[in-house]
Amino acid sequence: MHLQSQRFLLLIALAFGLCQAGFAKNWVVQVGGTTGGGYYGGGTTPVLAFSPTPLTINAGDSVTFTNLGGAAHNIHADDDSFRCAAGCRGDGSGAMGDPDSSGWSDTITFSKPGTINYHCDQHVSMGMTGSIVVNAVAPLPFAIGGYISGNWYNPQQGGHGFQIIASNAIDTATNLPIMNAIWFV
């Protein structure tokens, strides 16, 4: 591959990476579960923990809490900003966030920087606590939107060039903005 071609592909990869830099991620925290060994006369031992904890994320990211079973659990923010299990209190589902042993999963988006401590109401006295550290995110120098487009060429390479057109349209499969790149050779 020509050096010019490699540079172009690197530029396109960099531009695509910058577009994705502004998008939030979803993280998973496992709630409870079981392990071998057993007490209470059973064959498995309930796990009274959140994993991972602490979890460090960026503002705008979301966390999906997934109950792996073993006992009735919930997630309850120490500042009472959320209380969830098979639905969250106040999300319109009618759920109150009471401990539940079903295989529930709830997603919460964290938009403010800071540390959020949380616990399982039923097992807090047994140490089932966790925390999420939310980092502030510096904004990009400018947002890449439909107004960013242009043509560039290299006259020393026989007029090779490229055109980039950014769009405000969102690809529904990836939830990313659509960007077109055309390489002239």
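What list of ³J(HN,Hα) couplings, whole Hz, do you get for region 93-108 from phi and the Karplus terms 6.51, -1.76, 1.60, once you set θ to phi - 60° and write x for glycine and proline?
7, x, 6, 10, x, 5, x, 9, 9, 6, x, 6, 8, 10, 10, 10
For residue 96 and residue 24, what is the calculated FRET efficiency with R₀ set at 35 Å and r taken between the beta-carbons, to the nearest 0.05? Intermediate results must be reported in sequence, preceding the final value.
Values: r = 27 Å, r/R0 = 0.78.
Taking R0 as 35 Å, the efficiency between residue 96 and residue 24 is 0.80.
How big is the accessible area of residue 89 in square angstrom, nearest 10, if you roll a 1.4 angstrom probe over the protein chains?
For residue 89, the solvent-accessible surface is approximately 90 Å².
How much length would be gained if the chain were fully extended between residue 184 and residue 167, taking 0.36 nm per residue of separation minus their Cα-Cα distance, in nm to one decimal? Before the final figure, lay out each step's value.
Values: separation 17, 0.36 × 17 = 6.12 nm, distance 2.02 nm.
Extra length from residue 184 to residue 167 when fully extended: 4.1 nm.
In region 61-81, which residues have a backbone nitrogen under 14 Å from the label point lying 7 Å from residue 34's Cα in the Cα-to-Cβ direction?
Residues 68-72 qualify, since their backbone N sits under 14 Å from the label point.
What full-extension length gain, to one decimal in nm, is calculated for residue 59 and residue 133 as 0.36 nm per residue of separation minus the Cα-Cα distance? Before the final figure, lay out the partial values.
Numbers: separation 74, 0.36 × 74 = 26.64 nm, distance 0.94 nm.
That works out to 25.7 nm of additional length.
The values are calculated or read from the model by the stated rules, or taken from the named source; none is laboratory data. Quick caveat: nothing in here was measured; it's all calculated off a predicted structure. No Cβ is skipped: glycine too gets one built from the backbone with ideal geometry, and neighbour counts run over all protein chains shown. We work out accessible area using only protein heavy atoms, side chains counted, and drop any ligands, DNA or RNA first. Shrake-Rupley method; radii C 1.70, N 1.55, O 1.52, S 1.80 Å.
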